[in-house]
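One structure is given below, encoded as structure tokens.
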Amino acid sequence: MALFHSEVYQNEYLPDGGTDVNAIVRIGVRDAGAAGSDGAAGEIIIIDCSGSMGQRSMMAARQAAMVALDNIIDGTYFAVVSGTHEAYLAYPIVQSGPGMVQMNPRTRREAKDAISRLVADGGTAIGRWLTLALALFNSMGGRLAQKHALLLTDGADEHETPEQLDAAIRACMGQFQCDCRGVGTYWVVSEVRKISRALMGTLDIIPEPSMMAAEFARIMQTSMNRGVSSANLRVWVPQGAQLMFVRQVSPTVEDLTNQAEPVNPLTVDFPTGAWGDEERDYHISVRLPAKAVGQEQLAARVQLVVADQPRTQGMVKAVWSNDDNLTAQINDEVAHYTGQTELAAAIQEGLAAKQAGDLSTATSKLGRAVQLAAETGNREATTKLRKVVEVVDPGTGTVRLKRNVSRADEMALDTSSTKTTRTRQSGDDQPQE
């Protein structure tokens, strides 16, 4: 049985007249088990087969898809989608009934044979690929407790309108999770990020086709190890309080605020998707009516809820004080993740300004990113920033834009911008059944 634990990091002391409470709530799962352990799991592999893939990328994509199949646990329902300016069901070939089959040695062989015949031809319409994936998952009725897709693309979504893609994404939200990967440098990061964010997946670049198989294996292994098929972050705040925002801040920065689903007038749920053995950190910000010095109040109760049952919870507190030594302190975790959130925004805004030709803004934003990466100890961001800018002084964020920067280096910086580092490792938390 999965074990859950939680821990709260905050400075609970507010000055006289203070209203805003900020806390980092760390939630973890252990012994999650394998995907489908609490219900049937479904996997769909979506392969870009547009003409731009070319022979080398197409060959690598076929090999990677076969490796992904090898990492799908027997008994899992699965399908393979071939994507061009249309969407095709490459496997299974069905005449009627559900569009997915269970993995076993025979279906794995048949699927590999179907993948081996895929060729690069046609255009790109990612919304149609997602729509077919949704139809395949829906064809299973209520049989699947966990639904995951792996999407590979190499180009811009040129054969449908942005509105069509957005409509397809909206239809898929809450229906399945989707990890997205772009191979090469001709796809659009912001376009694919829209998909991964809305569908609670990850985003990254695969710079070279030869790296595809290892990445597909890693993604599928992670998915197969998510034994908790679905969980919600449930946040209660007291009467008169305002929930300012809820952000996931580790392992990546994701603003969840607009995804709130009301439970009752004081409580909202935020979908978090499936969990394996992992920890995630959430930044909770609450605005309270000010109380007199010496008074205390529970500012928020944060729970991880599985099948509508709370499995662990963290309490966010507020105590009003006139002791400046207490109220002036900023909790290390809150300060750290506030910087990491600003770092992600600075990188994305700096790269967007650079692409738009606004070099002054690009230099300023990327300089601030260098400064924040140094302050928060984000070594990965520092390394990738140094491929785009020449760092004169990291302490002040003084940088110069490099000339002749490779497109792959810029895209790698962009896709990794939301990845965060921690100030410390999790402590000896006591798990709860």
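The values are calculated or read from the model by the stated rules, or taken from the named source; none is laboratory data. Computed from a predicted structure; not experimentally measured. Using ideal geometry, Cβ is built from the backbone for each residue, glycine included, and neighbour counts are taken over all protein chains shown. The protein model used for the area step is the full one, side chains on, heavy atoms only, and it has no ligands, DNA or RNA in it. Shrake-Rupley method; radii C 1.70, N 1.55, O 1.52, S 1.80 Å.
Summary of values
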{"item": "Members of the range 14-37 found to be farther than 21 Å from residue 280 by Cα and surrounded by fewer than 19 Cβ atoms within 10 Å (Cβ to Cβ), listed by number", "result": "15, 16, 17, 18, 19, 20, 37"}
{"item": "The one condition in (1) free of Cβ contacts under 8 Å to residues at least 24 places away in the same chain; (2) open to solvent by less than 40 Å² (accessible area, probe 1.4 Å) that residue 117 fails to fulfil", "result": "(2)"}
{"item": "Residue 307 within 15 Å of residue 20 (Cα to Cα), open to solvent by 30 Å² or more (accessible area, probe 1.4 Å) and of a type in the set (Gly, Ala, Ser)", "result": "no"}
{"item": "Flag for residue 354 being in contact with a strand residue (DSSP E or B) (Cβ under 9 Å, 6 or more places away or on another chain), of a type in the set (Lys, Arg) and part of a helix (DSSP H, G or I)", "result": "yes"}
{"item": "Test: residue in the range 182-191 that is under 19 Å from residue 348 (Cα atoms), under 13 Å from the mean Cα position of the chain (by Cα) and modelled with pLDDT of 95 or more", "result": "no"}
{"item": "Any hit, the range 217-229, residues being open to solvent by less than 60 Å² (accessible area, probe 1.4 Å), of a type in the set (Ser, Thr, Tyr), modelled with pLDDT under 95 and not in a loop (DSSP other than H, G, I, E, B)", "result": "yes"}
{"item": "Among (1) in contact (Cβ under 8 Å) with a residue 40 or more places away in the chain; (2) closer than 29 Å to residue 203 by Cβ; (3) open to solvent by less than 50 Å² (accessible area, probe 1.4 Å) - the single one residue 269 does not satisfy", "result": "(1)"}
{"item": "Test result for residue 341, at pLDDT below 95 and open to solvent by 10 Å² or more (accessible area, probe 1.4 Å)", "result": "no"}
{"item": "Test: residue in the range 262-282 that is more than 12 Å from the chain's Cα centre (by Cα), of a type in the set (Asp, Glu) and outside any strand (DSSP E or B)", "result": "yes"}
{"item": "Residues of the range 39-49 classified as assigned to a loop (DSSP other than H, G, I, E, B) and surrounded by fewer than 20 Cβ atoms within 10 Å (Cβ to Cβ), total", "result": "1"}
{"item": "Conditions (1) open to solvent by less than 50 Å² (accessible area, probe 1.4 Å); (2) under 30 Å from residue 190 (Cα atoms); (3) in contact (Cβ under 8 Å) with a residue 60 or more places away in the chain; (4) assigned to a loop (DSSP other than H, G, I, E, B); number of the one not met by residue 156", "result": "(3)"}
{"item": "Odd one out for residue 61 among (1) modelled with pLDDT of 95 or more; (2) open to solvent by 10 Å² or more (accessible area, probe 1.4 Å)", "result": "(2)"}
{"item": "Selected residue (only one of 251, 207, 289 is in contact with a Ser or Thr (Cβ under 9 Å, 6 or more places away or on another chain), closer than 27 Å to residue 13 by Cα, open to solvent by 40 Å² or more (accessible area, probe 1.4 Å) and touching a residue at least 40 places away in the same chain (Cβ under 8 Å))", "result": "289"}
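Rundown of residues vs (1) open to solvent by 50 Å² or more (accessible area, probe 1.4 Å); (2) modelled with pLDDT of 95 or more; (3) part of a loop (DSSP other than H, G, I, E, B), yes/no style:
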site	(1), (2), (3)
371	no, yes, no
382	no, yes, no
390	yes, yes, no
408	no, yes, no
423	yes, no, yes
